Amino acid sequence: MTPMLVVGFGVPAVTAVGTDLLYAGITKAGGSISHGLSGHVDWRITGLLAAGSVPAALLSLAALAALPPAGKQVHALVSSALGLMLVLTALAIVFRPRLLAWAARRGNPTGGDGDRTAATIATGAFLGAAVTFSSVGAGAVGVTALMLLFPALATVRIVGTDIAHAVPITLVAGAGHALLGNVDWHLLVSLLAGSLPGIWIGSRLAGRLPELYLSRALALTLLVVGGKLVLR
């Protein structure tokens, strides 16, 4: 959503990030409730991730607030973070099978339960900062990290846990961006109005299109857009 708003519609990066965060928080809340009622959320893992992500999001917001509002420094920081996270997301999509195969050969990469707890909180902190600066990271990157940390967890529970964790950080980060004046409310309402038919259409197309081609096309698009944002 954010790169489409920036590259396709010319929305300033900071405004695109702030608006997309609130949009994501609202739309993901419904998915989180659905997954939670279906038993697809590991709430302990969600809590560990949030223990790192929420403080990191607040610290990131404080860093943005310390910079001149709508200044060149803020736009440069957000654009660079967005570009880097898009590239990282694309790499996570392309190399996820190899990463998981490597993790399976290595066994438990994080050691005992204590090490895994610390690694989960640290992962949450990284995602919290990344999402606050770029609105990107709680999807493909978060899912890949959870698969590496908890290889025995069913995929549907990994997806549900990732969506549930995305709700607090997107809402906290989105609310912070709103206080900083980085949300276009008319744009937010328009996105929410368009999302309902978009979800209906996408849910019917998703099962008919080859996943391999979809994932490769998405990864290529993210690499191109991310590279453009980093290098410009």
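Do we find a residue being in contact with a Leu (Cβ under 7 Å, 6 or more places away or on another chain) and modelled with pLDDT of 85 or more anywhere in the stretch 187-198? First the steps, then the outcome.
Of the residues in the stretch 187-198, the ones in contact with a Leu (Cβ under 7 Å, 6 or more places away or on another chain) are 188.
Next cut, modelled with pLDDT of 85 or more only: 188.
Scanning the stretch 187-198 turns up at least one residue that is in contact with a Leu (Cβ under 7 Å, 6 or more places away or on another chain) and modelled with pLDDT of 85 or more.
Being in contact (Cβ under 8 Å) with a residue 40 or more places away in the chain, buried (at least 16 other Cβ atoms within 10 Å of the Cβ) and over 18 Å from Phe126 (Cα atoms), is that true of even one residue in the stretch 41-57? Yes, the stretch 41-57 has at least one match.
Working only within the stretch 1-33, note down all residues that are hydrophobic (A, V, I, L, M, F, W, C) and surrounded by 19 or more Cβ atoms within 10 Å (Cβ to Cβ). Steps first, answer last, please.
Step one: list which residues in the stretch 1-33 are hydrophobic (A, V, I, L, M, F, W, C), which gives 1, 4-7, 9, 11, 13-14, 16-17, 21-22, 24, 26, 29, 33.
If the condition is that a residue be hydrophobic (A, V, I, L, M, F, W, C) and surrounded by 19 or more Cβ atoms within 10 Å (Cβ to Cβ), then Leu5, Val6, Ala13, Val14, Ala16, Val17, Leu21, Leu22, Ala24 are the ones that fit.
Report yes if some residue within the stretch 131-143 is farther than 20 Å from Gly83 by Cβ, free of Cβ contacts under 8 Å to residues at least 12 places away in the same chain and surrounded by fewer than 20 Cβ atoms within 10 Å (Cβ to Cβ); otherwise report no. No, that holds for no residue.
Within the stretch 128-182, work out how many residues are assigned to a helix (DSSP H, G or I) and of a type in the set (Phe, Trp, Tyr).
Of all residues in the stretch 128-182, those assigned to a helix (DSSP H, G or I) come to 128-134, 140-149, 155-179.
From the residues that got through so far, the ones that are of a type in the set (Phe, Trp, Tyr) too are 133.
Count: 1.
Identify the residue in the stretch 132-148 that is among the β-branched types (Val, Ile, Thr) and under 22 Å from Val74 (Cα atoms) and, among all such residues, is modelled with the highest pLDDT.
If we filter the stretch 132-148 for residues that are among the β-branched types (Val, Ile, Thr), which is where we start, we get 132, 136, 141, 143-144.
Now drop any that are not under 22 Å from Val74 (Cα atoms), which leaves 132, 136.
On the way: Thr132: 93, Val136: 84.
Looking at residues that are among the β-branched types (Val, Ile, Thr) and under 22 Å from Val74 (Cα atoms), I get Thr132.
The values are calculated or read from the model by the stated rules, or taken from the named source; none is laboratory data. Remember, predicted model here, so these are calculated numbers, not experimental data. Cβ: placed from backbone, ideal geometry, glycine included. Neighbour counts: every protein chain shown.
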